1. Which Cα, out of MET402, GLN419, GLY434, lies furthest along the positive dipole direction of the range 366-436 (beta carbon charges, K/R +1, D/E -1)?
2. How high is the FRET efficiency between GLU46 and ARG393 when r is their beta carbon distance and R₀ equals 41 Å, given to the nearest 0.05?
3. Could you go through the range 351-358 in sequence order and give the Karplus-derived ³J(HN,Hα) for each residue, using 6.51 cos²θ - 1.76 cosθ + 1.60 with θ = phi - 60°, rounded to whole Hz, and x for Gly and Pro?
4. I'd like the FRET efficiency for LYS347 and VAL368, computed as 1/(1 + (r/R0)^6) with the beta carbon distance as r and R0 of 22 Å, rounded to 0.05.
5. Would you grab the residues whose amide H sits under 5 Å from the one on TYR274? Only those 5+ places off in sequence or on another chain, please, with H modelled 1.01 Å from N.
6. Once fully extended, how much extra length lies between TYR466 and SER68, figured as 0.36 nm per residue of separation less the alpha-carbon to alpha-carbon distance?
7. Can you tell me what the convex hull of the Cα atoms of the range 161-284 projects to on average, as an area in nm²?
8. So who's got an amide H within less than 5 Å of the one on HIS408, skipping anything under 5 residues away but keeping other chains? H placed 1.01 Å off N, in plane.
Amino acid sequence: MGLYGGLPSWAALENPKNDLSSELYSADNVQLGKYYRENRSPVTYEELSPNLVNALVATEDIRFTEHSGIDLQSMGRVAWGVFKKIATLGASSLEGGGSTLSQQTAKNLFKTRGQNEGPLMKIPGLRMLIIKTKEWIVAVKLERYYTKKEILAMYLNTAQFSGNSFGIKVAAKTFFNKPTYDLNVEEAAVLVGMLKASTYYNPARNPENSQRRRNVVMNQMRRYGYLDQVAYDTLAPQPIALNYKVDSHTDGPATYFRAVIRRWLYRWADEHGYDLDEDGLKIYTTLDSRMQEHAEQAVKTHMKKEQALFEEHWGKENPWRDEDGKEIKGFVDMLAKRSPRYKALEKIYGKGNDSIDIVMNTAVPTTVFTWGNDNFEKDTIISPIDSIKYTQRFLHAGFMSMDPHSGHIKAWVGGINYQNFKYDHVMQGKRQPGSTFKPFVYAAAIDNGYSPCYEVVDAPVTFTVYTDGEESTWTPKNAEGRYSGEKMTIRQAMARSMNSITAFIMKRIGPQTVVNYAKRMGINSNIEAVPSLALGGGGDVSVYEMVGAYSTFANHGTWTEPVFITRIEDKDGNIVYEHPTKTREALSEETAYLMLYMLRGATEEEGGTGKGIPLEIREGNEVGAKTGTTSNYSDGWFMGVTKDLVSGAWVGGDNRSVHFRTLALGQGARMAMPIWVEYMKLVYADDRLDYEKGAFERPRTGLSIEIDCEQYQTDETLEQDSLLMEKELEVDEDEIF
C-alpha cells in the first residue's frame with residue numbers, strides 16, 4: 001500500500017463492487033420484495049429522467065461533458081485551498097469541494113476516504129491532498145473505461161440518500177413512489193438537493209430545508225438553460241409533494257412466503273458463495289401475484305367474519321379450555337413465562353423477583369392487531385399480560401394453492417397478518433389433519449383392488465389398542481354418535497366423512513399400509529401406524545404437505561415436489577440456479593382418477609360435506625373436496641381439487657386449547673372451506689388468469705372398472721363433517737393418539 005495507501009486495481013475498475021439488494025419476483029414478473037443491507041437497486045442511464053440528469057449536471061458538475069475526469073479550473077481552486085490550510089497549520093478551511101461527478105463516483109465506489117489509508121494520510125494537512133489526488137487518478141481511469149452516460153448512472157446508483165435509501169431508484173420510490181424515468185423537475189431537484197446533506201435536506205424530516213435546497217437546484221437549472229424563468233417562478237413557491245414510504249421487509253405481498261424463502265435463500269447463498277444482501281441476485285418464484293392477491297383477500301374476508309363470530313360465541317369468557325370444556329387456570333401466566341419479554345426480565349431482576357410481575361402487569365402504550373380498520377392496527381395502552389390475553393383470542397389461518405402438474409406454488413398465505421403474527425401456518429405450523437387424512441386410507445384401498453362402488457355397512461368397528469403395554473379397545477363413532485346399520489358405497493362414505501366405514505377399510509388394509517402410501521404421496525412428517533390414523537389422529541402435518549399430497553390425485557398418480565423458486569440469476573443475468581424437478585410415482589394413473597371420483601363425492605353425493613360449495617363454482621366443473629375437523633374443534637381443514645389447481649386451508653387458534661365449542665361452528669366446512677370458495681371465485685372471475693372450469697382428465701389407457709355406482713339413498717343425510725370426539729369415545733387421549 002505504501003505511504004499513500006492503496007488504489008483500486010484494474011480488475012476492480014473493470015468490475016466495481018457495489019452492494020446491491022437481491023430482488024424477488026413473481027412468475028408474472030412483479031417484484032415481491034428485496035433482501036439487503038443497503039437498500040439499493042441499479043438503473044441504467046436510459047431509465048433516468050432528463051430532468052434528473054439536467055438537475056445533477058447543473059448543480060454538481062456543469063462541465064461534466066467537457067472534462068476527462070478532472071476539472072482543471074476546480075482543481076486549481078482546491079489546490080490553493082489545501083495550500084492555505086497547510087500554511088496556517090489547519091486554521092484555514094477548504095472552500096468548495098470542486099470534485100467532478102467522476103471523482104465523486106470514484107469516492108462512492110472505492111471508499112477513497114475511509115479505506116486503504118497510508119501513514120502520510122495521518123498528517124492533517126496532507127490527508128485531503130492525498131485523498132484528492134487518489135480520487136483524481138481513479139476518476140481519470142473511470143473516464144477511460146466508461147462513457148459519460150455510464151459514469152453518470154454509476155454515480156446515481158452509488159449515492160446515498162437519507163435513511164436506508166441507497167441509489168436513485170430506491171430514493172425515487174421512497175420519496176415519490178415513482179420510477180426514476182417519471183420524475184418531474186421539482187422532484188428531481190429535491191433528490192439532487194439531498195446529495196449535499198441527505199439528512200439536513202430530507203424532505204420528510206426537514207421540509208423547509210429541502211424546499212430551499214430544491215429551489216437552489218432549480219435556480220442552477222435556470223442559470224444554465226435547463227429551466228426557463230416562468231417555470232422557475234411557478235415551481236419555486238410550491239411546497240414539496242411527497243408520497244413517502246420507507247421499504248420494509250414486512251411490507252408488500254406474500255410476506256409469509258417471502259420469509260420462508262428467505263431462510264432457504266440464505267442457506268443456499270452461504271453454500272454457493274453468494275451474499276444475498278449485497279450481490280444483486282434476482283430470484284424468480286412460482287408465485288402468481290394476482291392469485292396471491294386473491295388468496296390474501298380470501299383469507300382477510302373470511303377471517304374477519306370468523307373472528308367476529310368467535311368473539312360473539314365466547315363473549316367475555318376466556319376461550320382457552322381443557323378436554324372437559326373448563327377454563328385452563330394459569331394459561332396466560334404459562335405463556336407469559338415462555339415469552340422473550342419475561343425471560344429478558346429474569347436476566348435483569350433474577351428469577352422469581354416481584355419486579356417482573358410488576359412490569360408484566362403495568363400498562364404501557366403499544367400497537368396491537370385489529371380487524372377493525374384497513375391498517376389492521378390500533379394504538380392502545382395495555383399491560384404485557386393483557387396483551388397475551390388479547391392476542392390469544394385470535395383465530396389464525398394457513399392457505400396454499402399450487403399447480404398439481406408442475407408443482408408450482410401459486411399462492412401462499414401463512415397467517416392473518418405478518419406484521420403482528422410471524423408464525424407461518426403453511427409450512428412451519430403442523431396440526432392434526434382430521435378427516436382430510438381419510439383419502440390416503442381410501443387411496444391405499446383402491447390401489448389394492450377396492451372399487452369406489454364397494455359397499456360397507458355403517459356399523460361399529462373395534463380395534464385392540466395398546467398403551468404402555470396395557471390392552472384396551474377403541475370403537476370410533478360417527479359425528480352424530482350413532483350408526484345407521486345401512487349399506488353405502490365407500491364413495492358415499494368418504495363424501496359424508498363416515499368414521500365407521502373408514503375404520504372398516506383401515507382394519508382391512510392395516511395402518512402401516514396407509515402410512516406407506518401417505519409417505520409416497522409426500523407426507524414427510526412423523527405419523528404413527530395406529531388405528532386412529534384413519535381419522536387423522538396419527539400425527540401432525542402441514543398445509544404444505546397436504547396440498548402436495550393431494551396434488552398426486554390430480555397429476556395422474558405422480559407426486560411432484562411443491563416448488564417455490566424456478567431460477568436465480570446473478571447481477572449480470574447469468575443463471576446460477578435452476579430448480580430440479582422432483583417427482584415420484586405414488587399411485588397408478590387409474591387409482592388417482594378413481595380418487596378424484598371419490599373426492600367429487602363431497603360435492604355430488606347426498607349429504608356430502610362439500611355441498612356448501614356454491615353453484616357458481618360447481619356448475620360446469622368437476623370439484624373434489626374434503627373437509628376435516630379435529631377433536632374439540634381445535635382445527636378446521638378444507639382441501640379443494642380442480643383440474644388445474646389444488647388448494648388447502650387450515651383455521652384454528654395458535655394454541656389448540658383455543659377453539660369453538662360446537663360442531664356447527666367448529667367444523668372444517670364452516671371454518672376453512674369459505675376461504676377456498678372465495679379464492680376460487682376470484683380466480684375464475686379474473687380475466688387475466690388462464691383458469692377455466694372443466695372435467696378432470698381421464699386415464700389415457702381408460703378404466704378397468706365401472707364407476708357409475710347406483711346412488712345410495714338414506715332417509716337422513718349427514719350434512720356435518722365427521723370427526724373424532726374423545727368425550728364420546730370415553731377413552732383418554734393417550735389411548736387414541
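1. The Cα lying farthest towards the positive end belongs to GLY434.
2. Numbers: r = 54 Å, r/R0 = 1.31.
Plugging the Cβ-Cβ distance into 1/(1 + (r/R0)^6) gives 0.15.
3. Each residue's phi maps through the Karplus curve to give 5, x, 6, 4, 4, 4, 5, 4 Hz.
4. Details: r = 25 Å, r/R0 = 1.15.
For R0 = 22 Å, the calculated efficiency reads 0.30.
5. Here nothing satisfies the definition.
6. Numbers: separation 398, 0.36 × 398 = 143.28 nm, distance 8.72 nm.
So the extension gain works out to 134.6 nm.
7. Numbers: hull surface 37.7 nm².
Dividing the Cα hull surface by four gives the mean projection, 9.4 nm².
8. Under 5 Å from the amide H of HIS408 lie the amide H atoms of ASP403, VAL563, each far enough along the sequence or on another chain.
Every read-out reported here was derived from the displayed coordinates using simple, explicitly stated rules and does not represent laboratory data. Worth saying up front: this structure is predicted, and the values here are computed from it rather than measured. When we count neighbours, we look across all protein chains shown, and the Cβ atoms used for this are built from the backbone with ideal geometry, even at glycine.
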